[in-house]
(Lines give C-alpha, C1' and ligand atoms only; values in the text may rest on other atoms or scores of the structure.)
Protein backbone atom coordinates (compact mmCIF):
# COMPACT_ATOMS: atom_id res chain seq x y z
CA UNK A 1 0.00 0.00 0.00
CA UNK A 2 1.41 3.39 -1.01
CA UNK A 3 2.97 5.54 1.70
CA UNK A 4 1.67 8.50 -0.30
CA UNK A 5 -1.96 7.67 0.45
CA UNK A 6 -4.06 7.32 3.58
CA UNK A 7 -7.53 6.31 4.75
CA UNK A 8 -10.04 9.12 5.19
CA UNK A 9 -13.79 9.55 5.57
CA UNK A 10 -14.98 11.39 2.48
CA UNK A 11 -18.27 12.52 1.02
CA UNK A 12 -19.03 13.35 -2.60
CA UNK A 13 -22.41 15.01 -1.98
CA UNK A 14 -24.39 16.65 0.79
CA UNK A 15 -26.89 14.45 2.60
CA UNK A 16 -27.48 12.15 5.54
CA UNK A 17 -24.90 10.04 7.37
CA UNK A 18 -24.97 7.50 4.55
CA UNK A 19 -22.93 9.84 2.30
CA UNK A 20 -19.84 9.27 4.50
CA UNK A 21 -17.48 6.56 3.26
CA UNK A 22 -13.89 5.50 3.85
CA UNK A 23 -11.59 5.86 0.84
CA UNK A 24 -7.89 6.17 0.15
CA UNK A 25 -6.82 9.73 -0.61
CA UNK A 26 -3.43 11.44 -1.09
CA UNK A 27 -1.46 11.93 2.12
CA UNK A 28 -0.68 15.61 2.76
CA UNK A 29 2.85 16.99 3.01
CA UNK A 30 3.79 19.70 5.52
CA UNK A 31 4.70 23.12 4.13
CA UNK A 32 7.15 25.43 5.92
CA UNK A 33 5.96 26.17 9.51
CA UNK A 34 3.59 23.18 9.32
CA UNK A 35 3.64 19.74 10.93
CA UNK A 36 2.35 16.41 9.67
CA UNK A 37 0.39 14.68 12.45
CA UNK A 38 -0.51 10.99 12.45
CA UNK A 39 -4.06 11.09 13.81
CA UNK A 40 -4.82 8.64 16.59
CA UNK A 41 -8.33 9.93 17.31
CA UNK A 42 -10.71 12.54 15.91
CA UNK A 43 -13.51 14.31 17.74
CA UNK A 44 -17.03 14.48 16.28
CA UNK A 45 -18.93 17.76 16.69
CA UNK A 46 -22.34 19.18 15.71
CA UNK A 47 -20.66 21.39 13.11
CA UNK A 48 -19.51 18.18 11.40
CA UNK A 49 -22.95 16.74 10.77
CA UNK A 50 -24.41 20.17 9.96
CA UNK A 51 -21.69 20.67 7.33
CA UNK A 52 -22.17 17.13 5.98
CA UNK A 53 -25.82 17.98 5.34
CA UNK A 54 -25.05 21.29 3.60
CA UNK A 55 -25.23 23.67 6.57
CA UNK A 56 -22.60 24.47 9.18
CA UNK A 57 -19.33 25.37 7.44
CA UNK A 58 -20.41 24.13 4.01
CA UNK A 59 -20.27 27.72 2.78
CA UNK A 60 -16.59 27.82 3.73
CA UNK A 61 -15.63 24.35 2.52
CA UNK A 62 -17.60 24.62 -0.74
CA UNK A 63 -19.08 21.73 -2.66
CA UNK A 64 -17.99 18.14 -1.90
CA UNK A 65 -15.86 16.16 -2.12
CA UNK A 66 -14.14 17.00 1.15
CA UNK A 67 -13.03 15.40 4.41
CA UNK A 68 -14.76 16.55 7.59
CA UNK A 69 -13.31 16.89 11.07
CA UNK A 70 -11.46 19.54 13.05
CA UNK A 71 -10.67 17.88 16.41
CA UNK A 72 -7.57 15.68 16.36
CA UNK A 73 -5.11 14.07 18.74
CA UNK A 74 -2.02 12.28 17.50
CA UNK A 75 1.73 12.17 17.06
CA UNK A 76 3.94 14.52 15.04
CA UNK A 77 5.30 12.54 12.08
CA UNK A 78 7.22 15.25 10.22
CA UNK A 79 7.96 18.96 10.66
CA UNK A 80 8.29 21.53 7.93
CA UNK A 81 11.03 24.12 7.63
CA UNK A 82 10.91 26.75 10.35
CA UNK A 83 9.06 24.71 12.97
CA UNK A 84 10.71 25.26 16.35
CA UNK A 85 7.97 24.36 18.85
CA UNK A 86 7.44 20.69 17.97
CA UNK A 87 9.43 17.72 16.75
CA UNK A 88 8.69 14.21 15.46
CA UNK A 89 7.34 11.96 18.19
CA UNK A 90 5.58 14.72 20.16
CA UNK A 91 2.03 13.87 21.22
CA UNK A 92 -0.21 16.77 20.28
CA UNK A 93 -3.83 17.79 20.01
CA UNK A 94 -5.53 20.61 18.18
CA UNK A 95 -8.35 22.16 16.18
CA UNK A 96 -6.44 23.15 13.03
CA UNK A 97 -7.64 25.50 10.30
CA UNK A 98 -11.18 26.02 11.63
CA UNK A 99 -13.43 27.03 9.91
CA UNK A 100 -11.47 26.06 6.78
CA UNK A 101 -11.08 22.37 5.96
CA UNK A 102 -8.73 20.46 8.25
CA UNK A 103 -9.60 16.92 7.18
CA UNK A 104 -9.55 15.50 10.70
CA UNK A 105 -11.38 12.28 9.78
CA UNK A 106 -8.19 10.89 8.27
CA UNK A 107 -4.98 9.11 9.20
CA UNK A 108 -2.87 12.26 8.72
CA UNK A 109 -3.39 16.02 8.84
CA UNK A 110 -1.11 18.99 8.21
CA UNK A 111 -1.43 22.43 9.78
CA UNK A 112 0.67 25.26 11.22
CA UNK A 113 2.62 23.98 14.23
CA UNK A 114 1.28 26.72 16.49
CA UNK A 115 -2.31 25.56 15.96
CA UNK A 116 -1.40 22.46 17.99
CA UNK A 117 -0.34 22.01 21.60
CA UNK A 118 1.09 19.13 23.55
CA UNK A 119 -1.63 16.68 24.51
CA UNK A 120 -2.67 16.62 28.18
CA UNK A 121 -0.42 14.00 29.75
CA UNK A 122 -3.25 12.48 31.78
CA UNK A 123 -5.48 11.82 28.77
CA UNK A 124 -5.48 9.12 26.12
CA UNK A 125 -5.63 10.22 22.50
CA UNK A 126 -9.33 9.34 22.42
CA UNK A 127 -10.01 11.58 25.40
CA UNK A 128 -7.77 14.36 24.10
CA UNK A 129 -9.53 14.40 20.73
CA UNK A 130 -12.74 15.30 22.55
CA UNK A 131 -11.29 18.52 23.91
CA UNK A 132 -10.12 21.13 21.35
CA UNK A 133 -13.17 22.53 19.55
CA UNK A 134 -15.60 22.15 22.44
CA UNK A 135 -13.31 23.35 25.22
CA UNK A 136 -11.86 26.21 23.16
CA UNK A 137 -15.42 27.31 22.37
CA UNK A 138 -16.28 27.39 26.06
CA UNK A 139 -12.99 29.06 27.04
CA UNK A 140 -13.01 31.75 24.36
CA UNK A 141 -16.72 32.53 24.86
CA UNK A 142 -16.51 32.79 28.66
CA UNK A 143 -13.04 34.30 29.05
CA UNK A 144 -12.36 36.33 25.91
CA UNK A 145 -15.87 37.37 24.87
CA UNK A 146 -17.76 37.55 28.17
CA UNK A 147 -14.89 38.23 30.56
CA UNK A 148 -16.53 36.18 33.32
CA UNK A 149 -15.39 37.26 36.79
CA UNK A 150 -15.67 35.72 40.26
CA UNK A 151 -19.10 36.14 41.79
CA UNK A 152 -20.96 36.51 38.52
CA UNK A 153 -23.90 34.29 37.60
CA UNK A 154 -23.60 32.28 34.36
CA UNK A 155 -26.39 30.35 32.61
CA UNK A 156 -25.24 27.55 30.28
CA UNK A 157 -27.77 26.08 27.88
CA UNK A 158 -27.27 22.46 26.75
CA UNK A 159 -25.00 22.01 29.75
CA UNK A 160 -24.63 18.25 29.25
CA UNK A 161 -23.30 18.47 25.70
CA UNK A 162 -19.77 18.69 24.37
CA UNK A 163 -19.28 22.44 24.81
CA UNK A 164 -21.72 22.64 27.72
CA UNK A 165 -19.98 20.24 30.08
CA UNK A 166 -16.70 22.12 29.56
CA UNK A 167 -18.45 25.48 30.00
CA UNK A 168 -19.88 24.43 33.36
CA UNK A 169 -16.42 23.53 34.62
CA UNK A 170 -14.66 26.57 33.16
CA UNK A 171 -17.26 29.00 34.53
CA UNK A 172 -16.88 27.38 37.94
CA UNK A 173 -13.08 27.60 37.63
CA UNK A 174 -13.50 31.33 36.95
CA UNK A 175 -15.39 31.72 40.22
CA UNK A 176 -18.90 32.09 38.82
CA UNK A 177 -22.20 30.73 40.10
CA UNK A 178 -23.21 28.25 37.41
CA UNK A 179 -26.76 27.47 36.30
CA UNK A 180 -27.33 24.90 33.59
CA UNK A 181 -30.23 23.60 31.52
CA UNK A 182 -30.31 19.86 30.88
CA UNK A 183 -32.57 16.84 31.11
CA UNK A 184 -33.15 15.65 34.65
CA UNK A 185 -31.12 12.48 34.17
CA UNK A 186 -27.97 14.58 33.67
CA UNK A 187 -28.33 16.69 36.81
CA UNK A 188 -26.38 14.54 39.25
CA UNK A 189 -23.42 14.33 36.87
CA UNK A 190 -23.45 18.06 36.13
CA UNK A 191 -23.56 18.86 39.83
CA UNK A 192 -20.38 16.85 40.26
CA UNK A 193 -18.82 18.93 37.47
CA UNK A 194 -19.58 22.11 39.37
CA UNK A 195 -23.09 23.27 38.45
CA UNK A 196 -24.71 25.09 41.37
CA UNK A 197 -28.25 24.89 40.01
CA UNK A 198 -29.91 22.98 37.17
CA UNK A 199 -33.16 23.38 35.29
CA UNK A 200 -34.85 20.47 33.53
CA UNK A 201 -35.95 22.12 30.28
CA UNK A 202 -38.37 19.25 29.56
CA UNK A 203 -40.55 20.19 32.53
CA UNK A 204 -39.76 23.85 33.25
CA UNK A 205 -39.36 26.98 31.15
CA UNK A 206 -36.01 28.30 32.30
CA UNK A 207 -37.02 31.96 31.98
CA UNK A 208 -39.71 31.38 34.62
CA UNK A 209 -37.18 30.34 37.27
CA UNK A 210 -33.86 31.98 36.36
CA UNK A 211 -33.19 35.71 36.86
CA UNK A 212 -30.37 38.20 37.42
CA UNK A 213 -27.86 36.38 35.22
CA UNK A 214 -24.68 38.17 34.12
CA UNK A 215 -23.85 35.92 31.17
CA UNK A 216 -25.89 33.44 29.14
CA UNK A 217 -23.91 30.99 27.03
CA UNK A 218 -26.54 29.80 24.56
CA UNK A 219 -25.46 26.59 22.84
CA UNK A 220 -28.94 25.94 21.41
CA UNK A 221 -30.08 29.02 19.47
CA UNK A 222 -33.34 30.65 18.50
CA UNK A 223 -34.18 27.93 15.98
CA UNK A 224 -35.07 25.71 18.94
CA UNK A 225 -38.09 27.25 20.66
CA UNK A 226 -36.64 30.75 20.64
CA UNK A 227 -34.00 29.90 23.24
CA UNK A 228 -31.84 32.98 22.61
CA UNK A 229 -34.76 35.43 22.69
CA UNK A 230 -36.23 33.81 25.80
CA UNK A 231 -32.82 33.99 27.48
CA UNK A 232 -32.73 37.78 27.26
CA UNK A 233 -35.24 38.02 30.11
CA UNK A 234 -32.99 36.06 32.44
CA UNK A 235 -30.25 38.71 32.19
CA UNK A 236 -29.77 41.55 34.62
CA UNK A 237 -29.36 45.08 33.14
CA UNK A 238 -26.17 45.19 31.10
CA UNK A 239 -25.88 41.40 31.05
CA UNK A 240 -24.55 39.57 28.00
CA UNK A 241 -25.99 36.82 25.80
CA UNK A 242 -23.34 34.89 23.83
CA UNK A 243 -25.14 33.03 21.05
CA UNK A 244 -22.95 30.28 19.63
CA UNK A 245 -24.69 28.08 17.04
CA UNK A 246 -26.95 30.55 15.21
CA UNK A 247 -25.42 33.93 15.94
CA UNK A 248 -27.37 37.12 16.59
CA UNK A 249 -30.08 38.19 14.17
CA UNK A 250 -31.10 41.83 13.74
CA UNK A 251 -34.31 41.02 15.59
CA UNK A 252 -32.46 39.45 18.52
CA UNK A 253 -30.04 42.38 18.69
CA UNK A 254 -32.95 44.85 18.76
CA UNK A 255 -34.79 42.84 21.42
CA UNK A 256 -31.68 42.82 23.60
CA UNK A 257 -31.18 46.56 23.26
CA UNK A 258 -34.81 47.19 24.14
CA UNK A 259 -34.35 45.25 27.38
CA UNK A 260 -31.10 47.00 28.25
CA UNK A 261 -28.92 43.92 27.78
CA UNK A 262 -26.21 42.96 25.29
CA UNK A 263 -25.87 40.22 22.69
CA UNK A 264 -22.84 38.81 20.89
CA UNK A 265 -22.32 36.23 18.17
CA UNK A 266 -19.35 33.89 18.51
CA UNK A 267 -17.13 31.63 16.43
CA UNK A 268 -14.23 29.68 17.89
CA UNK A 269 -10.67 30.15 16.53
CA UNK A 270 -7.64 27.85 16.45
CA UNK A 271 -5.53 28.67 19.51
CA UNK A 272 -2.44 26.69 20.48
CA UNK A 273 -1.85 28.89 23.53
CA UNK A 274 -5.40 28.30 24.71
CA UNK A 275 -4.97 24.56 24.25
CA UNK A 276 -1.86 24.67 26.43
CA UNK A 277 -3.85 26.41 29.18
CA UNK A 278 -6.65 23.86 28.85
CA UNK A 279 -4.14 21.00 29.06
CA UNK A 280 -2.87 22.47 32.34
CA UNK A 281 -6.44 22.56 33.68
CA UNK A 282 -6.99 18.95 32.62
CA UNK A 283 -3.73 17.68 34.09
CA UNK A 284 -4.35 19.70 37.26
CA UNK A 285 -7.74 18.05 37.80
CA UNK A 286 -9.83 21.19 37.18
CA UNK A 287 -11.29 20.04 33.85
CA UNK A 288 -12.79 16.60 33.26
CA UNK A 289 -13.48 15.15 29.81
CA UNK A 290 -16.60 13.11 29.11
CA UNK A 291 -16.56 10.76 26.10
CA UNK A 292 -19.91 9.03 25.76
CA UNK A 293 -19.07 6.69 22.89
CA UNK A 294 -16.12 5.74 20.68
CA UNK A 295 -16.45 4.65 17.05
CA UNK A 296 -14.01 3.32 14.46
CA UNK A 297 -13.14 5.39 11.41
CA UNK A 298 -15.44 3.26 9.27
CA UNK A 299 -18.27 3.99 11.72
CA UNK A 300 -18.31 7.75 11.15
CA UNK A 301 -21.83 7.54 9.76
CA UNK A 302 -23.01 5.82 12.94
CA UNK A 303 -21.34 8.52 15.02
CA UNK A 304 -23.15 11.23 13.06
CA UNK A 305 -26.49 9.47 13.37
CA UNK A 306 -26.00 9.17 17.12
CA UNK A 307 -24.93 12.80 17.47
CA UNK A 308 -27.91 14.08 15.54
CA UNK A 309 -30.28 12.67 18.16
CA UNK A 310 -29.24 15.59 20.39
CA UNK A 311 -28.95 13.34 23.42
CA UNK A 312 -25.19 12.97 23.70
CA UNK A 313 -23.58 13.25 27.12
CA UNK A 314 -20.25 14.94 26.47
CA UNK A 315 -18.48 13.97 23.25
CA UNK A 316 -18.27 11.36 20.50
CA UNK A 317 -14.86 10.30 19.15
CA UNK A 318 -13.48 8.31 16.21
CA UNK A 319 -10.61 5.97 17.20
CA UNK A 320 -8.08 5.53 14.39
CA UNK A 321 -5.68 3.32 16.34
CA UNK A 322 -6.99 0.09 14.78
Residue match in the range 161-170 (condition: free of Cβ contacts under 8 Å to residues at least 40 places away in the same chain, touching a helix residue (DSSP H, G or I) at 6+ places or on another chain (Cβ under 6 Å), surrounded by 23 or more Cβ atoms within 10 Å (Cβ to Cβ) and more than 30 Å from residue 23 (Cα to Cα)):
yes
Any residue at all in the range 201-217 that is touching a helix residue (DSSP H, G or I) at 6+ places or on another chain (Cβ under 6 Å) and within 25 Å of residue 55 (Cβ to Cβ)?
yes
Residue 277 vs. criteria touching a residue at least 12 places away in the same chain (Cβ under 8 Å) and either more than 22 Å from residue 140 (Cβ to Cβ) or in a helix (DSSP H, G or I) (or both):
yes
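Rundown of residues vs (1) modelled with pLDDT of 95 or more; (2) in a helix (DSSP H, G or I); (3) under 22 Å from residue 321 (Cα atoms), yes/no style:
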{"residue": "7", "(1), (2), (3)": "yes, no, yes"}
{"residue": "24", "(1), (2), (3)": "yes, no, yes"}
{"residue": "28", "(1), (2), (3)": "yes, no, yes"}
{"residue": "31", "(1), (2), (3)": "yes, no, no"}
{"residue": "50", "(1), (2), (3)": "yes, yes, no"}
{"residue": "103", "(1), (2), (3)": "yes, no, yes"}
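Considering only the range 280-301, how many residues are in a helix (DSSP H, G or I) and out of contact with any strand residue (DSSP E or B) (no Cβ under 6 Å at 6 or more places or on another chain)?
Initially, the range 280-301 is screened for residues in a helix (DSSP H, G or I), giving 280-283, 297-301.
This time we only want the ones that are out of contact with any strand residue (DSSP E or B) (no Cβ under 6 Å at 6 or more places or on another chain), so: 280-283, 299, 301.
The total comes to 6.
I'm checking my understanding of the structure. Among residues of the range 291-322 that are under 19 Å from residue 124 (Cα atoms) and surrounded by fewer than 15 Cβ atoms within 10 Å (Cβ to Cβ), which one is nearest to the chain's Cα centre (by Cα)?
Looking at the filtered set, the residue picked out is 296.
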Using beta carbons and a limit of 7 Å, which pairs, at least six apart or on different chains, have the first residue in the range 123-144 and farther than 26 Å from residue 106 by Cα and outside the structural domain of residue 69 (by TED's automatic domain parsing) and the second one part of a helix (DSSP H, G or I) and modelled with pLDDT of 95 or more?
139/170; 139/274; 139/278; 140/274; 142/167; 142/170; 142/171
Of 294, 317, 261, which residue is more than 19 Å from residue 20 (Cβ to Cβ) and touching a helix residue (DSSP H, G or I) at 6+ places or on another chain (Cβ under 9 Å)?
261
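Can you confirm whether residue 102 is over 22 Å from residue 307 (Cβ atoms), within 18 Å of the chain's Cα centre (by Cα) and buried (at least 20 other Cβ atoms within 10 Å of the Cβ)? Lay out the reasoning, then the answer.
Details: over 22 Å from residue 307 (Cβ atoms): no; within 18 Å of the chain's Cα centre (by Cα): yes; buried (at least 20 other Cβ atoms within 10 Å of the Cβ): yes.
Taking the combined requirement at face value, the residue does not satisfy it.
The values are calculated or read from the model by the stated rules, or taken from the named source; none is laboratory data. As the structure is a prediction and not an experimental result, all values here were calculated from the model. With ideal geometry, Cβ positions are generated from the backbone for all residues, glycine too; neighbour counts draw on all protein chains shown.
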